[in-house]
Amino acid sequence: MLPPRPRDAAAYRWLYESLRREILEGRLRPGTRLPSTRDIASQYSLSRGTIVSAFDQLREEGYLEGNIGSGTYVSEQLPRALLHAGKTPVSAPPASAPPRRLSQYAQRVRNFWALDPRPPRCFRAHRPALDLFPIGLWSQIASKRVRAYTAAAMVGCDTLGYPPLREALATYLRGARGIRCEARQLMIVSGVQEAFDLVFRTVLDPGDRVAIENPGYPGAAHIMESVGAEIASLPLDAEGVVLDPKALRGARLVYTTPAHQFPTGVTMSLARRLALLEWARRTGALVFEDDYDSEYRYSGKPIPALQGLDTHNVVVFAGSFSKLLFPALRIGYVVLPPDLVDAVSTLKAITSRHVPLLEQAVLAEFIEQGHFARHLRRMREVYAERLATLLDSARVRLNGLLELSAVEAGLQTAGWLQAGIEDTAAVAAAAAREIEVTPFSRCTRGPVTRHGLMLGFAATESAEIRRGVRELAIALEECRRT
Ligand SMILES: Cc1ncc(COP(=O)(O)O)c(C=O)c1O
């Protein structure tokens, strides 16, 4: 007895699925003879052709055997586990299954990033002012590009990326960041995070030594750990990363954020840059320069990149549109030393081939038409004003509680907590007052020697920043008392 056929269900689909379910759930047992097609036709008001097609399909899939005429039977060969599969929730592994073995690589991979879809609360780090993005212009270019899609474009593009975008970016990076590069060294990637993955997998083996800033960006460290590298910590001082010979011994790669150290905000001095390049040249190591938000500098001029001083092809330079435009774009770029281009692009080719072409084409046009430069200029003004509000209010209210960095750059600024206040306690007290600060301990390897907070200022209007500072002062006072 089959379940009634819903009004809108196609006869063939209903019969096929009902019989399959009866078999899988054990109501039609192996060896059972099915009624003749004529009987089924009259009982369920179906045409014989429909029944023959459903039987043929089930026979091909192995649920039925025998022939119309000589009798059709439920297959004797169905494995027992399959017969009850329909009742088992997808998430539960069968009781008898051996435990799934994950590769050594997968066991080393850790997730550090979860999308927080809630509207940002005051001081959320990494967040640009998305409400000020010229979405109208972007969608005009996008719809024009979709309409102009040709069969050739639908095939895809070079693994290194859409050539006009690479040309536009190479020109921009040479002018704005002092990068020494040709478009053929520049690869479009799905954010700096993908650049870490591709480059680290290309040049590192399990057991290789690497050195990173501490505190530093956990997204880079996690990828290094996933490839099995051994990580040594480089301390920081007022000139940026300290080239500690012990930590650098045997290192094959150094990861650094010279323009605006993540998370402390320090800018690496020229002397330190030259010393790092000289060390890399002498030892044959690579320097990975993460230029994640250097375009935003509100006092003085943007500092040219470390890569621009490199005369020996020891620097890999990476940047991203996540903060300059919007994070969902997932477009970044990496400028590779010429000898690494083939190896890194081969890795990209066998994994994701290339970044989606449509977004690349829209971005290329957005840059070529001057919208990108205009947007950056506008956002620099907005963010400079928001940072000034933060610094002014902090001077009055956070004095003696949180000492904010003097570096005026980026989408977030850093502050050192008064001795005795732990950053995680500060985060909890702030969250109770609807503000969202990020503790340095989240970016620290080993024991935390000095506690600090990151305060994002870009996504929030000035009035909200002033409220946030007032609330943060109360929260930190509470922590100091307890
Ligand atoms: C220092 C730093 N590097 C790299 C990234 C990753 O950027 P993307 O979104 O381009 O992958 C981030 C993201 O917040 C970051 O803060």
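The values are calculated or read from the model by the stated rules, or taken from the named source; none is laboratory data. Quantities reported herein were computed from a predicted structural model and do not represent experimental measurements. So basically every Cβ, Gly included, is an ideal-geometry build from the backbone, and we count neighbours across all protein chains shown. Side chains are part of the model used for accessible areas, which takes the heavy atoms of the whole protein and leaves out ligands, DNA and RNA. Shrake-Rupley method; radii C 1.70, N 1.55, O 1.52, S 1.80 Å.
Using the 1.4 Å probe convention, the accessible area of the chain works out to 49 Å² per residue with neighbouring protein chains retained.
For n ≥ 4 DSSP H runs only, could you compute -39500 (n - 2.57) per run for the chain, divide by its residues and tell me the 222 nm figure to the nearest 500? It comes out at -12500 deg cm²/dmol, rounded to the nearest 500.
Restriction of the trypsin sites (Lys or Arg not before Pro) in the stretch 323-422 to DSSP coil positions whose beta-carbon has at most 16 other beta-carbons within 10 angstrom yields ARG353. Selection among GLY284, GLN369, ALA409 by position relative to the dipole of the chain gives GLN369 as farthest towards the positive end (Cβ unit charges, Cα centre). Annotation: amide H of GLY452 within the under-5 Å range of LEU417, ASP423, PHE440, SER441, sequence separation 5 or more or interchain, hydrogens built in the peptide plane. The charge dipole of the chain, taken about the Cα centre with unit charges on the Cβ atoms of Lys, Arg (+1) and Asp, Glu (-1), comes to about 760 debye, rounded to the nearest 20.
Against the main long axis of the alpha-carbon atoms of the chain, helix 371-397 sits at an angle near 60°. The slack between ALA373 and LEU270, meaning 0.36 nm per residue of separation minus the straight C-alpha distance, is 34.4 nm.
Would you work out if the chain is rounded, prolate or oblate? Take a ≥ b ≥ c from the square roots of the eigenvalues of the alpha-carbon gyration tensor; rounded if a/c is under 1.5, else prolate when a/b is larger than b/c, oblate otherwise. Prolate shape, in that a/c is at least 1.5 and a/b is the bigger ratio.
Computed over protein heavy atoms with a 1.4 Å probe, the carbon and sulfur contribution to the accessible area of the stretch 305-433 reaches 52%.
Each residue of the stretch 306-316 was assigned a 3J(HN,Hα) from its phi angle through the Karplus curve 6.51 cos²θ - 1.76 cosθ + 1.60 (θ = phi - 60°); the sequence is 4, 4, x, 9, 7, 9, 10, 6, 9, 10, 9 Hz, with glycine and proline shown as x. Think of the chain as having a plus end and a minus end, set by charges on the Cβ of Lys, Arg, Asp and Glu; of ALA153, ILE421, LEU270, ALA153 sits farthest toward the positive end of this dipole. If R0 is taken as 35 Å, the Cβ-Cβ distance between ARG21 and SER103 corresponds to a FRET efficiency of 0.45. Couplings 3J(HN,Hα) of the stretch 461-470, computed from phi: 6, 4, 4, 5, 4, 5, 4, x, 5, 4 Hz, in residue order, whole Hz [Karplus 6.51 cos²θ - 1.76 cosθ + 1.60, θ = phi - 60°; x for Gly and Pro].
A simple charge model with +1 on the Cβ of Lys and Arg, -1 on the Cβ of Asp and Glu and nothing else charged puts the dipole of the stretch 315-370 at about 220 debye relative to its Cα centre.
Each residue of the stretch 243-253 is assigned a 3J(HN,Hα), and the resulting list reads 7, 5, x, 5, 5, 7, 4, x, 5, 9, 7 Hz, derived from the Karplus form 6.51 cos²θ - 1.76 cosθ + 1.60 (θ = phi - 60°), x at Gly and Pro.
Compared with the dominant Cα axis of the chain, that is its longest principal axis, helix 11-24 is turned about 90°. Taken about its Cα centre, the stretch 358-482 carries a charge dipole of about 340 debye when Lys and Arg each add +1 at the Cβ and Asp and Glu each add -1 at the Cβ.
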